[in-house]
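Written below as structure tokens is the structure these notes are about.
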Amino acid sequence: MSGKLRPTILAVLLVAMAAMVIAALRPPEKPDGRTVLTWLVPMQLDRPLLEKLAKQFGEQNPDIHLRMTFVPGAQYQTKLKTLIASGHPPDLFYAGDVWVAYYRPFLLDLTPFFERDAAEIDLDDIYPAVLAACRTDGQYLFTPRWFSVALLYYNRTIFDEAKEAYPTADWTWDEYLAAAKRLTRPASAGKPAVWGSQIVTGWWGEWLTLVRQAGGELFDADMKRCTLDEPEAIRGMMFYIEKVRRHRVSPAPGRGPDGGFASGQLAMELVGHTGNWTQFNQIGLNWDIALLPAGPTEKNRSEVAIDAVGASNQTKHPEACWRFFKFIMSKPSIRAHVDAGYLSIRKSVAEQTLLAPGYLKHPQHAAVAYEALAISDHGAHSPDFIEIVREVIQPEIDRALADDRDLNESDRLAAVTAACRRAATAANDFIQTLGTERRQDGSGIPAKR
Amino acid sequence: MAQASRRSGESVWFWILVAPAVLGFLAFNLGPMIESLYLSFTKYDVISPPQYIGVRNYTYLIFNDPAFWPSVIVTAVFAAVSVPLGLISALGVALLLNRKVAGQGVFRTIYFLPSLLPATASGVVWVFIFHPTFGLLNRLLYFVGIEGPAWTQSVTWALPALIIMSLWGFGQPMVIFLAGLQDVPDSLYEAADLDGASRWQQFRNVTLPLITPVLFFNLVMGLIGALKVFDSAYVFGSTSGVGPGGPARATLFYALNLYQKAFSYFHMGLASAMAWLLFLAILALTAFNFWLGKRWVHSE
């Protein structure tokens, strides 16, 4: 390095350091005597919507300053828990997904507010299944923004080309499978392959739905024992795996088209996510929805997930938080959510929009989502549930699904049974060790409706 | 007298030069290490105060945790395959780059550059290379009539994919090998030449014994690095959509398992116990390497 260059670089470094020190010493944003609410928000596609709503809230509530901090989705849980551990939790944070189970001891009980202002917020206008998903042990712990419910998605173009009748509400697994077989065709003459149906891998969305539809369950009522090794549960799991391995109507993991249902190469998709509706419509997919096909014992049972906001029980401004919650659940806010492509949690808004004739080109049967909502259950609000399913059971199922040996039906059943038994044994081991300790803390009781 | 004074001066310089590292260790590492040792005997979820539970974290990991042994096996297999392969590749390229050819400096730079890339950045690139449908690797295999595996999604092929990916960063050991090769006196090759030794015999009996100290250094550092693999595996799982450690724990490295326990599920006590088990394993393995090294490392 030349002698002349060295002092220049040193000077640049010193200026940069001085700038950083000045930036660090900058006084915090002045709220001008207003109540400050901090809101930790995961960075998602709905950021423009949330910023617009926050601005509207600020205009309607000039005495409250809403300070939003966006955090990349993958780091959100770590950031939130670290803030709680350090004694500086945000007033408001993302809730409603399965991870909220970890925050139960720190969520503000909103029940007194809901009861006090039930008429003002028109509580009866919110779908009961959505409200149920916001309650744990009778307490309202968060306020809903929108919901997703498991459905059967189908590509009308593929059905039309194959002259296949569209799925109906009375479909069972048999009809679904028969149609999937007829619609599956290999790639030929420059045309890509079409699969009868997608398979959801890597998480419990599909296989747990099938296990429940077959009459099985993952845990007993007290969550003291994993019941995945019982015949009904194994039957549901067998249907899940045989879609790929025996019937070959679904692609093996990693072999399906990129983009999933949006690729236009899947005739059907079980479960899905209503948050993808906007994407399907933007790319011009000709699609619709139906209720999930009924399993051997459970009729069309579905699962609902909600996107919601909760408050810390350490907040100094519970009333200000509640004002924000009332705003976020208000009809104009929910209408803004619908306009951004999400499902309405309010009956009145749904009737004026999604359920109104001609409001949506696709899906033509949006009302089916609300039929599914009425017969849906919500996920467990338990840390044990999440960790056991993701880390203990899921790897066994992934391994069983990856088993590409050419087995006959009885050998496949034996392999799936062995996988379910291994998973159940490991899950019970977990419950007896880490899980039991959690429940003694009172923070791991499974959700019940 | 002069010698004693020089030694004293060297000693002062030694302490001046190691002071930043020692002070940094005392200020930033020792405290957390002691704290983590204590936490390893507690149940601690970050939010509630730690509760002392004796050695239950250690017994749970060893006898009950379904992810512990799979993560040990994944890490051990990775270390056992990637370290020798990495050393052979680094030594092979170093031998080539040690030859006096035009553009030698350019070639050295080209081979060294990938090791400067952060593992997260190169991880993202490699996930695209391994993409089952559009990936470069499977496209190349397709041209020679082979249907490539679904690398990132396959229980069988995900770990081999990560091993291939790890070879990308052999620049560091390569440079050290290159320095070692340049220390081998030319006179020894001339003598071997006069004795009629072939190229292979020269490599086997002259080069290899004289570079055993750098080979030993690269082996020890490579093993320690392999036992601590985290970022590339995390990026691999996250970017390919199978989730960190997936599919079916096929890429669940020990450090990744530790991270998941600490920062996904907040079992800080368990994670601390895992960290101490890893520390003890690395200590034992390094001590074993040093003991074994006395038998094969050439010292003058």
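The values are calculated or read from the model by the stated rules, or taken from the named source; none is laboratory data. It should be emphasised that the depicted structure is a prediction, and the values quoted were computed from it without experimental measurement. Note that each Cβ is placed from the backbone with ideal geometry, even for glycine, and that neighbours are counted across all protein chains shown.
Structure above, values below:
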item	result
Residue that is surrounded by the fewest Cβ atoms within 10 Å (Cβ to Cβ) [pool: residues in segment A:56-89 that are charged (D, E, K, R) and more than 14 Å from chain B (Cβ to nearest Cβ)]	A:59
Matching entry among B:251, B:156, B:239 (being within 14 Å of chain A (Cβ to nearest Cβ), modelled with pLDDT of 90 or more and surrounded by fewer than 20 Cβ atoms within 10 Å (Cβ to Cβ))	B:156
Test: residue A:176 is in a helix (DSSP H, G or I) and aromatic (Phe, Trp, Tyr)	yes
Residue list for segment A:90-108, filter: surrounded by 23 or more Cβ atoms within 10 Å (Cβ to Cβ), touching a Leu at 6+ places or on another chain (Cβ under 8 Å) and within 12 Å of another protein chain (Cβ to nearest Cβ)	A:103
Among (1) within 18 Å of residue A:95 (Cα to Cα); (2) at pLDDT below 95; (3) within 20 Å of the chain's Cα centre (by Cα) - the single one residue A:313 does not satisfy	(3)
Where a residue in segment A:255-275 is away from chain B (no Cβ under 14 Å) and touching a residue at least 60 places away in the same chain (Cβ under 8 Å) and its partner, wherever it lies, is in a helix (DSSP H, G or I) and of a type in the set (Gly, Ala, Ser), with Cβ under 7 Å and at least six apart	A:266/A:260; A:267/A:180; A:268/A:180; A:269/A:260; A:271/A:205; A:274/A:369
Where a residue in segment A:371-383 is within 14 Å of another protein chain (Cβ to nearest Cβ) and its partner, wherever it lies, is buried (at least 24 other Cβ atoms within 10 Å of the Cβ) and among the hydroxyl-bearing types (Ser, Thr, Tyr), with Cβ under 8 Å and at least six apart	A:383/A:102
Verdict on residue B:46 being in a loop (DSSP other than H, G, I, E, B), within 14 Å of chain A (Cβ to nearest Cβ) and either over 18 Å from residue B:281 (Cα atoms) or at pLDDT 95 or above (or both)	yes
Residue under evaluation residue B:3, criteria (1) assigned to a helix (DSSP H, G or I); (2) modelled with pLDDT under 90; (3) within 14 Å of another protein chain (Cβ to nearest Cβ), criterion not met	(3)
Scope segment B:221-270; condition over 21 Å from the mean Cα position of the chain (by Cα) and hydrophobic (A, V, I, L, M, F, W, C); matching residues	B:242, B:248, B:262, B:263, B:266, B:268, B:270
Segments classed as helices (runs of 4 or more DSSP H), wholly inside segment B:137-253, with at least 2 members that are touching a residue at least 40 places away in the same chain (Cβ under 8 Å)	B:158-167, B:171-182, B:212-227, B:231-240
Those residues of segment B:83-128 which are over 16 Å from residue B:215 (Cβ atoms) and either at pLDDT 95 or above or of a type in the set (D, E, K, R) (or both), in sequence order	B:99, B:100, B:108
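Yes/no matrix, rows are residues, columns are (1) modelled with pLDDT under 95; (2) assigned by TED's automatic domain parsing to the domain that holds residue A:332:
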site	(1), (2)
A:23	yes, no
A:44	yes, yes
A:54	no, yes
A:72	yes, yes
